[in-house]
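Scroll down for the structure; my scribbles are underneath it.
The values are calculated or read from the model by the stated rules, or taken from the named source; none is laboratory data. Note that the structure is predicted; figures quoted are calculated from it, not measured. These accessible areas exclude ligands, DNA and RNA; they are computed on the full protein's heavy atoms, side chains included. Shrake-Rupley method; radii C 1.70, N 1.55, O 1.52, S 1.80 Å.
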Amino acid sequence: MGRKVTIFTGQWADLPLETLCGKMRRAGYDGLELACWGDHFDVFKGAESKAYCDDKRALLAKHGLGVWAISNHLAGQLICDPDDDARTDNFAPAECAGNPEAKREWAISSMKAAARAAANLGVKVVNGFTGSPIWHMLYSFPPAGKETIERGFRRVAELFHPILDVFAENGVKFALEVHPTEIAFDLVTAKRLLDALEHRPEFGFNFDPSHLLWQMVDPVKFIEAFPDRIFHVHIKDAALTLDGVSGILSSHLDFDQEGRGWNFRSPGHGQVDFEGIIRALNRIGYAGPLSVEWEDCGMEREYGAEDACRFVRRIDFAPSGIQFDAAF
């Protein structure tokens, strides 16, 4: 179909952006989905300086690459999480470590800056997370009452409405990657979040089928449920490896460790029905990039990036412009 094939740079943030540009152009990509960490993209600099954004575009263009989205996942996670342990301390500046409200305040400023920076960069979508004040209450013991859960959704709306105001002012959309640990992690919670946010037009989804598959949710049904809210697409695969002993809660085992109940896989090496996804994206008229988020602990990443690019180009096809039986 000719959709742009990009790769998310978050898993490559250990490499300087210029080094990564060369590698990904040689791998066959059209562009990069820039992570807002490492030296890849600084939202505060981007919000203040169009020249900074122009320099980033020029660097990509030197390698024949474009950019259609930026991703501010780490800051987004801090906005609505409890932020009360050390796991997220390195998502924010060192001076915020151990201080939940300092982390949250920084994260909100970062996400507002991301909207301004995206406008300066000339992109229309910021992907990211929201975090969740109630994810730790997912299992029903100790019991969490309906009002407690409802309060969690109201809290997310309270924190995100001012952020979305900045997105609206800048003509940019925020795309939540529906994902366990976020307030919206499946179809039911995604709909509930849209309701809580009063269906604001600035808010939609970065569709990533891998997070749905291991929950045993049909990714195609997600596209069908939210046809006007798919603002960006990640191409990532996953595989359930249940054997009667392992479970989908993963037993505190690392990715790809023996006995784990599911794993992320390089595109085409798992169980995601990508043909069904492409057909669904064609039905809703999605014409944005297909962005590889490469995660596979069982495969060397540069081989994986090249293999993934070839795979995405092979699976992407245009819808038919005719009824095949019309010629009869």
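Figures for the structure shown
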| item | result |
| --- | --- |
| Whole-number percent relative contact order across the range 31-184, with pairs defined as alpha carbons under 8 Å at least 6 apart | 27 |
| Computed [θ] at 222 nm, deg cm²/dmol, the chain (DSSP H ≥ 4; -39,500 (n - 2.57); rounded to nearest 500) | -12500 deg cm²/dmol |
| Long pairs among 112/191; 146/236; 45/173; 23/124, criterion Cα-Cα beyond 22 Å | 112/191; 146/236; 23/124 |
| Accessible-area ranking of 29, 139, largest first, probe 1.4 Å | 139, 29 |
| Relative contact order %, the range 33-86, counting alpha carbon pairs below 8 Å whose residues are six or more apart | 44 |
| Taking the convex hull of Cα positions in the chain, its mean projected area over all directions (nm²) | 18.8 |
| Probe 1.4 Å, all protein chains present, accessible-area order of 265, 26, largest first | 26, 265 |
| Surface accessible to a 1.4 Å probe, residue 19 within the full protein complex, Å² | 60 |
| Surface per residue (accessible, 1.4 Å probe) for the range 51-143, Å² | 45 |
| The chain: relative contact order as a whole-number percent, Cα under 8 Å and 6+ apart | 17 |
| Share antiparallel - DSSP beta bridges, the range 118-270, percent rounded to 5 | 25 |
